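Report on the following structure.
The values are calculated or read from the model by the stated rules, or taken from the named source; none is laboratory data. On a predicted model such as this, the values are computed, not experimentally measured, just so you know. Reconstructed Cβ throughout: ideal geometry from the backbone, glycine too, with neighbour counts over all protein chains shown. For the accessible areas, the whole protein counts, side chains as well, though only heavy atoms, and no ligand, DNA or RNA atoms are used. Shrake-Rupley method; radii C 1.70, N 1.55, O 1.52, S 1.80 Å.
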Amino acid sequence: KERIERHLYDVVVIGAGGAGLRAAIEARLAGKRTAIISKSLFGKAHTVMAEGGAAAAMGNANSRDNWMVHFRDTMRGGKFLNNYRMAELHAKEAPERIWELETYGALFDRTPDGKISQRNFGGHEYPRLAHVGDRTGLELIRTLQQKIVSLQQEDFAETGNYESRIRVFSETTITELLLDGDRVAAAFGYYRESGELILLEAPAIVLATGGVGRSYKVTSNSWEYTGDGHALALRAGATLINMEFLQFHPTGMVWPPSVKGILVTESVRGDGGVLRNSDQKRFMFDYVPDVFRKQYADTEEEADRWYTDPDNNRRPPELLPRDEVARAINSEVKAGRGTKSGGVFLDVSTRMPAETITRRLPSMYHQFKELADVDITKEPMEVGPTCHYVMGGVEVDPDTAAAAGVVRGLFAAGEVSGGMHGSNRLGGNSLSDLLVFGKRAGEHASAYAESLDKRPKVRTADVEAAAGAALAPLHRESGENPYTLQQDLQAVMGDLVGIIRREGELTDALKRLHELKLRVANVGATGGRRYNPGWHLALDLRNMLVVSECTAKAALEREESRGGHTREDFPTMNPQWRKVNLVCSLDDMGEVHLERKPLPAMRPELLELFEYGELTKYMTDEELS
Ligand code: FAD
């Protein structure tokens, strides 16, 4: 019989990025005994890598900014497929969440008159990103961790035990959620270092596990991002929406090969950087779509004037939403106007003094110097699209962050949840999203735990089954190699479900994913249980596979191009498809089912924030009537 360490909590938060930490703080403030689980070291999450900033309509840089403008920009960026209520809550509550961080000890860069400084980013009408140089995520995570430590100190003063109300389990991976009927009852996993098994019983569980990028070879995501939360939710009976929408960030490093995919922050363009092809042409002027033509400059002169006089000029097209810029770069490279390494040039060296570059973009300066031996104050960077963010995710109730589907007690916030960003996320809207909905998830998970008159029960048979599944790859000595399987999966997703998609290739992808599923069922890991990355990957593969299947299925179903989903065979947006969410669930046999569900209709007073002419570009006549 396996030894399994057991713990009892009120709320278990899976994930220690911004969403998880903010949720945990809220649960602890509500008096709940709270556990935070993190697959990697505490403090290492995508949140810490966020560079540009957190979008919040505080109106510090331009007093015309307010939540309504932010709401409009978010809906436009998502091509009106966003869950409008999430976009509304996000725009309204983001400023409060940023100011609150300062009460936790955050120090954002300042305007000359001492307010929180805000920078420009693609798709945002006004400068809106609160930032700390290009290391905003670091400040965010540092502050949230500091708040947790201060709460632990309060608990120590009261109980003599720092971990009496909030405890962090780092380097611990959750592999399964256990249920009592239709209610979550526990999270099951293992310590990465020792390989020992652990069970955390709780009536309420918050998923805050971030993204899915490791299913693609060229990605800005780090090793942990294997869609675990998405898969855990599916297996527990929750649903995923709009998994076809993946954000390929336009600017990842393309050279040298060992660093291909690493992010080049959008702040480079926000601060004045321009994109050029191998003919030295600023090609983005050729790629402004009709729906955005009114807001973007059509000459270089106007675009350049905008940086100092945004009220009387229109924005440079380099600051179009990310999906537009990524497709444009893809087209330039395909047309033979790319760089030798298959990217385009991104230049700040001719645009601002070296001192400004090293002050405003210190991480980018070091990143290129150290990884590519390129001095960005003297020469252009080479960049190309990289898989960056998943807009699709766990379907949630917008107000409470409770997962939809047949499961109760499960909540999701941050990148793992879906709906907020529609078909494309605006830069900076993730850091604010995870603060707004992390708080809501923590609050409502606590209220749910409070409302139960008895705790759900964990069945021994379920614990044994979870332990058996976790250890199975170690017993298959002649099983398939997990690294080969991951490479094969990345090849399928990158080649057939990438930035530009076609029916034939998607059908082929689904066939290959089916073959991979059979192979993954036979994955094996050599070596023992102590820190064994092959074993860890073997367990992650199952998650990557089911999530990839949802993406491929939804991508095949959606016969239009919108945001992070581009179909060569259906190249335009179709207003009929704007009304549809694609929802994935799992049946008892582990098969993915895809269903079309109507998108909730936007409330009239929110619709009135847009000009009628703009709405006609997105909506059907029936909706507009
Ligand atoms: P994350 O911060 O990704 O944290 C996920 C957590 O879940 C981690 O602790 C991980 O270890 C844990 N986890 C995962 N699986 C398991 C499991 N099975 N068991 C236990 N724990 C698990 N957004 C912006 O708004 N502005 C920016 O400037 C910006 N820049 C970015 C730069 C880079 C390089 C990247 C990669 C992303 C950037 N983003 C930015 C996006 C943003 O950082 C992420 O979307 C956001 O941080 C996600 O936060 P999260 O809390 O949802 O999850």
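Descriptive notes on the structure:
- Net charge in the neighbourhood of Glu515 (other residues with Cβ under 14 Å of its Cβ; Lys, Arg +1, Asp, Glu -1) is 0.
- Over all pairs of different C-alpha atoms, the stretch 1-77 has a mean inverse distance whose reciprocal, the Kirkwood radius, equals 15.7 Å.
- For the chain, the longest principal axis of the alpha carbon atoms and the long axis of helix 503-520 meet at an angle near 30°.
- If the chain linking Glu611 and Lys334 were pulled fully straight, counting 0.36 nm for each residue of separation and taking away their Cα-Cα distance, it would gain 96.1 nm.
- Of all beta bridges that DSSP places with both ends in the chain, some 65 percent have antiparallel geometry.
- Note: relative contact order over the chain, using C-alpha pairs below 8 Å and six or more positions apart, is 20 percent.
- Between helix 533-557 and the chain there is an angle of about 60 degrees, using the helix long axis and the longest principal axis of the Cα atoms.
- Computed over protein heavy atoms with a 1.4 Å probe, the carbon and sulfur contribution to the accessible area of the chain reaches 50%.
- Considering helices alone, the calculated mean residue ellipticity of the chain at 222 nm is -11500 deg cm²/dmol, with DSSP H runs of length four and up weighted by -39500 (n - 2.57) and normalised per residue.
- Heavy atoms of the protein chains alone define the surface here; on that basis the chain has 37 Å² accessible area per residue at 1.4 Å probe size.
- Residues with amide H under 5 Å from that of Leu178, placed H, sequence gap 5 or more: Ala185, Ala186, Ala187, Phe188
- In this label model, Ala157 and Asp309 are separated by 5.6 nm, measuring between points 7 Å along each Cα→Cβ vector.
- The mean sequence separation of alpha-carbon pairs under 8 Å and at least six residues apart, normalised by the residue count of the stretch 53-141, gives a relative contact order of 40 percent.
- The stretch between Val406 and Asp373, if pulled fully straight at 0.36 nm per residue, gains 6.6 nm over its current Cα-Cα span.
- Between Arg502 and Glu5, the simple label model (points 7 Å from Cα in the Cβ direction) yields a spacing of 5.2 nm.
- Take 584-597, 531-544 and order them by the average number of nearby Cβ atoms within 10 Å per residue, most first; the result is 531-544, 584-597.
- Relative contact order (%) - criterion: Cα under 8 Å, at least six apart; region: the stretch 84-182: 17
- With the convex hull of its Cα atoms as the shape, the stretch 322-430 has an orientation-averaged projected area of 9.7 nm².
- Listed residue pairs exceeding 26 Å between alpha carbons, taken from Lys44/Lys579; Lys217/Lys281; Lys44/Lys217; Lys44/Lys92; Lys1/Lys517: Lys44/Lys579; Lys217/Lys281; Lys44/Lys92; Lys1/Lys517
- Centroid-to-centroid separation of the stretch 141-215 and the stretch 264-341 [C-alpha atoms, Å]: 43
- Whole-Å distance, taken between Cα centres, linking the stretch 520-558 and the stretch 429-465: 25
- The per residue volume of the convex hull around the alpha-carbon atoms of the chain is 151 Å³.
- A Förster radius of 22 Å combined with the Cβ-Cβ distance from His514 to Gln487 puts the calculated FRET efficiency at roughly 0.80.
- Cα gyration tensor category, rounded, prolate or oblate, for the stretch 270-372 with a/c compared to 1.5: oblate
- Here the stretch 484-514 and the stretch 345-421 have alpha carbon centers that stand 24 Å from each other.
- ³J(HN,Hα), Karplus 6.51/-1.76/1.60, whole Hz, each residue of the stretch 319-329, x for Gly, Pro: 9, 5, x, 4, 4, 5, 5, 5, 5, 5, 4
- Angle of helix 18-29 to the longest C-alpha principal axis of the chain, folded into 0 to 90 degrees and rounded to 10: 50°.
- Solitary cysteines of the chain, where the nearest other Cys Cβ is not under 4.7 Å: Cys387
- Each residue was assigned an accessible area with a 1.4 Å probe, and for Val407 the value is about 10 Å².
- The listed peptides 225-237, 174-186, 389-401, 111-123, ordered by packing as a protection proxy, come out as 225-237, 389-401, 174-186, 111-123 (highest mean of other Cβ atoms within 10 Å first).
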